[in-house]
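A.B. asks: One structure, as structure tokens, below. Some questions next.
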Amino acid sequence: MKVLNFGSLNIDYTYRVNHIVKEGETISSNGLTMSLGGKGFNQSVAMARAGIPVYHAGLVGEEGLEFYDACETFGIKTDYIKTVTGKCGHTVIQVDDKGQNCIVLFGGANQKNSKEFVDEVLKNFETGDIIVLQNEINELPYIIDQAFAKGMTIVFNPSPLNEQIAECDLGKVSVFIMNETEGQQLTGMTTPSTIISNMEANFTNAKIVLTLGKKGSIYHHGDDEFYQAAFDVNAVDTTAAGDTFTGYLIAGILKKMPMRQVLLMATKASALAVQKEGAAKSIPFMSEVELFNM
Ligand code: ADP
């Protein structure tokens, strides 16, 4: 059984500034850091660090060669990463002295997927293989339809939630992983229990995982429902918490661990991630997760 993550590859340019630039103003920045990210990339890193051999499919622009090396270093298979003309997906982030930020997102190569590229990738996968998806790339409705037609198991993190999701046939999804905001936007409900009931009513056969930040997470499937508390740790940067959780959750499902153990493992992994600065680089290795004890 193979695992394919068809998702975004993004370069984040973070500028340190005294204050966030105002309309018409020009300011100097005090520093620039560049990091590789995107929900797709981060989740592939989390799966790789959890010990899962993962194929990443996605597009990078002409300045995206670094992704190939980074993926090899992290242990992510690059067979289905392709370079296209134009720029990589990227963000321009300003972070001020108070830690407030503002972000401009440019979709770039992440929005250049074609049906031909999707077909070219999916022809290498078959019934029983797993496909992991987020919502930072175009052609998502087509990917879901084609993966389902092949009999692949679809794991979907509906993030960020936008109009493209309304075009997706979500009845084809086997596992939903989402945070409270996404759950609210997707269902129109406001509390965890009503979000879960609404999801269950609409997607009866799907496994549903709702994450609640430092309040923990809930798992629901049929008659099986339980709550997992988060660990009370000193969080310094929660950037990749959800991506870490998702990667470890998929790793646990693949290893056929009981769901309670799967959620506990994902919760430990994200508790470690929030204690470190950064996105991909904050994602722990399985060896660290196994040692985590509180
Ligand atoms: P996202 O990053 O997608 O918004 P959440 O904020 O719900 O997702 O976080 C996902 C998981 O990460 C939570 O279920 C929890 O286990 C863990 N987590 C998030 N924030 C914290 C925190 N401050 N302390 C400990 N664990 C956290």
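The values are calculated or read from the model by the stated rules, or taken from the named source; none is laboratory data. Please read all numbers here as calculations on a predicted model, not as lab measurements. Cβ placement follows ideal geometry from the backbone for every residue including glycine, while neighbour counts extend to all protein chains displayed. When the accessible area is computed, the model is the full protein with side chains, heavy atoms only, and any ligands, DNA or RNA have been set aside. Shrake-Rupley method; radii C 1.70, N 1.55, O 1.52, S 1.80 Å.
A.B. asks: Spelling out what I want: for every residue of region 145-154, take phi, set θ = phi - 60°, compute 6.51 cos²θ - 1.76 cosθ + 1.60 (Karplus), and round to whole Hz; glycine and proline get x.
C.D. replies: Values, residue by residue: 4, 5, 5, 5, 4, 7, x, 6, 8, 9 Hz.
A.B. asks: Using the reciprocal of the averaged 1/r over all distinct C-alpha pairs, how large is the Kirkwood radius of the chain in Å? Each step should come with its number before you reach the end.
C.D. replies: Details: mean 1/r = 0.0513 Å⁻¹.
Kirkwood hydrodynamic radius for the chain: 19.5 Å.
A.B. asks: Taking 7 Å along the Cα-to-C-beta vector as the label spot, tell me the S114-K214 distance in nanometres, rounded to one decimal.
C.D. replies: Computed distance between label sites S114 and K214 equals 4.9 nm.
A.B. asks: Order 1-14, 191-204 from most to least packed using the mean count of other Cβ atoms within 10 Å. Write down the numbers at each step before the final one.
C.D. replies: Numbers: 1-14: 23.1, 191-204: 15.4.
Final packing ranking: 1-14, 191-204.
A.B. asks: Assign one of three labels to region 229-294, namely rounded, prolate or oblate, based on the Cα gyration tensor with a ≥ b ≥ c the square roots of its eigenvalues; rounded applies when a/c is under 1.5, prolate when it is not and a/b is larger than b/c, and oblate otherwise. Please list the in-between numbers first.
C.D. replies: Values: a/c = 1.91, a/b = 1.53, b/c = 1.25.
Prolate is the answer for region 229-294, as a/c is 1.5 or above and a/b outweighs b/c.
A.B. asks: Determine the sum of side-chain charges near E180: Lys and Arg each +1, Asp and Glu each -1, restricted to other residues whose C-beta is under 15 angstrom from that of E180. If you can, show how the numbers build up before the last one.
C.D. replies: Numbers: positive: K214, K215; negative: E182.
Here the count lands on +1.
A.B. asks: Same structure, new question: Among 132-139, 242-249, how do they line up by average Cβ neighbours within 10 Å per residue, starting with the highest?
C.D. replies: Working: 132-139: 22.5, 242-249: 29.6.
Result, highest mean first: 242-249, 132-139.
A.B. asks: Once you have a ≥ b ≥ c as the square roots of the Cα gyration tensor eigenvalues for region 112-185, tell me rounded if a/c is under 1.5, and otherwise prolate or oblate according to whether a/b is larger than b/c. Can you show the working numbers first?
C.D. replies: Details: a/c = 2.30, a/b = 1.47, b/c = 1.57.
It comes out oblate by the Cα gyration axes.
A.B. asks: Applying the Karplus parametrisation 6.51 cos²θ - 1.76 cosθ + 1.60 with θ = phi - 60° to the phi angles of region 244-249, what ³J(HN,Hα) value in whole Hz is obtained for each residue in order, glycine and proline being reported as x?
C.D. replies: Here the 3J(HN,Hα) series is 5, 4, 4, x, 6, 4 Hz.
A.B. asks: Among the DSSP beta bridges whose two residues both lie in region 3-291, what percent are antiparallel, rounded to the nearest 5? Working shown, then result.
C.D. replies: On the way: 22 of 54 bridges.
Bridges in region 3-291 that DSSP calls antiparallel: roughly 40 percent.
A.B. asks: Shifting gears a bit: So between E288 and E63, what do we pick up on full extension, going 0.36 nm a residue minus the alpha carbon distance? Don't jump to the answer; show the numbers that get you there.
C.D. replies: Numbers: separation 225, 0.36 × 225 = 81.00 nm, distance 3.29 nm.
My answer for the length gained is 77.7 nm.
A.B. asks: Can you give the net charge of the other residues whose Cβ lies under 14 Å from the Cβ of E200, counting K and R as +1 and D and E as -1?
C.D. replies: Values: positive: K207; negative: D223, D224, E225.
Net of charged neighbours comes to -2.
A.B. asks: Need one number: nm distance between label points at T83 and K123, each 7 Å from Cα along Cα→Cβ, rounded to one decimal.
C.D. replies: Result for the modelled spin labels: 2.3 nm.
A.B. asks: Next question. Rolling a 1.4 Å sphere over the protein heavy atoms, what is the accessible area per residue of the chain, to the nearest Å²? Don't skip to the end; give the middle numbers.
C.D. replies: On the way: 13620 Å² over 294 residues.
Averaged over the residues of the chain, the accessible area is 46 Å².
A.B. asks: With a sphere of radius 12 Å drawn around the Cβ of T14, what net charge do the other residues whose Cβ falls strictly inside it have (Lys, Arg +1; Asp, Glu -1)? Walk me through the intermediate numbers first.
C.D. replies: Values: positive: R16; negative: D12, D96, D237, E277.
So the surrounding residues net to -3.
A.B. asks: Counting each DSSP H run of 4 or more residues in the chain as -39500 (n - 2.57), what helix-only mean residue ellipticity at 222 nm follows after dividing by all residues, to the nearest 500 deg cm²/dmol?
C.D. replies: On the way: 10 runs with 97 residues, N = 294.
So the helix-based figure for the chain works out to -9500 deg cm²/dmol.
A.B. asks: Over the heavy atoms of T26, what accessible area does a 1.4 Å probe trace out, to the nearest 10 Å²?
C.D. replies: T26 exposes around 130 Å² with every protein chain in place.
A.B. asks: What part of the accessible area of region 3-291, given as a whole %, is carbon or sulfur when the probe is 1.4 angstrom?
C.D. replies: Working: 6650 of 13120 Å².
Solvent-exposed carbon and sulfur of region 3-291 make up 51 percent of the total.
A.B. asks: If you take every DSSP beta bridge fully contained in region 24-117, what fraction is antiparallel? Give it as a percent rounded to 5. Intermediate values should be presented prior to the final figure.
C.D. replies: Numbers: 6 of 12 bridges.
That works out to approximately 50 percent antiparallel.
A.B. asks: Additional query: Pull up all non-local amide H partners of E136: gap of 5 or more, or a different chain, and H-to-H distance under 5 Å with H placed in the peptide plane.
C.D. replies: Hits under the 5 Å cutoff: S8.
A.B. asks: Rounded, prolate or oblate for region 52-192? Axes are the square roots of the Cα gyration tensor eigenvalues, ordered a ≥ b ≥ c, and the cut-off for rounded is a/c under 1.5. Numbers along the way, then the final one.
C.D. replies: Details: a/c = 1.72, a/b = 1.04, b/c = 1.65.
Note, shape of region 52-192 comes out oblate.
A.B. asks: Alpha carbon centre of region 89-135 versus region 45-73: separation in Å?
C.D. replies: Value for the Cα centre distance between the two parts: 12 Å.
A.B. asks: Still on this structure, I have one more. Calculate, in nm to one decimal, what N205 and K2 gain on full extension: separation in residues at 0.36 nm each, minus their alpha carbon distance. List each step's numbers first, then the result.
C.D. replies: On the way: separation 203, 0.36 × 203 = 73.08 nm, distance 2.23 nm.
Once the chain is fully extended between N205 and K2, it gains 70.8 nm.
A.B. asks: Antiparallel versus total DSSP beta bridges in region 127-264: what percent is that, nearest 5?
C.D. replies: 45
A.B. asks: Just to confirm my numbers, what's the Cα centroid distance between region 149-220 and region 270-286 in Å?
C.D. replies: Answer, in whole Å: 24.
A.B. asks: Give me the one-decimal nm value for the distance between modelled label points at I103 and T190, 7 Å along each residue's Cα-to-Cβ direction.
C.D. replies: 2.6
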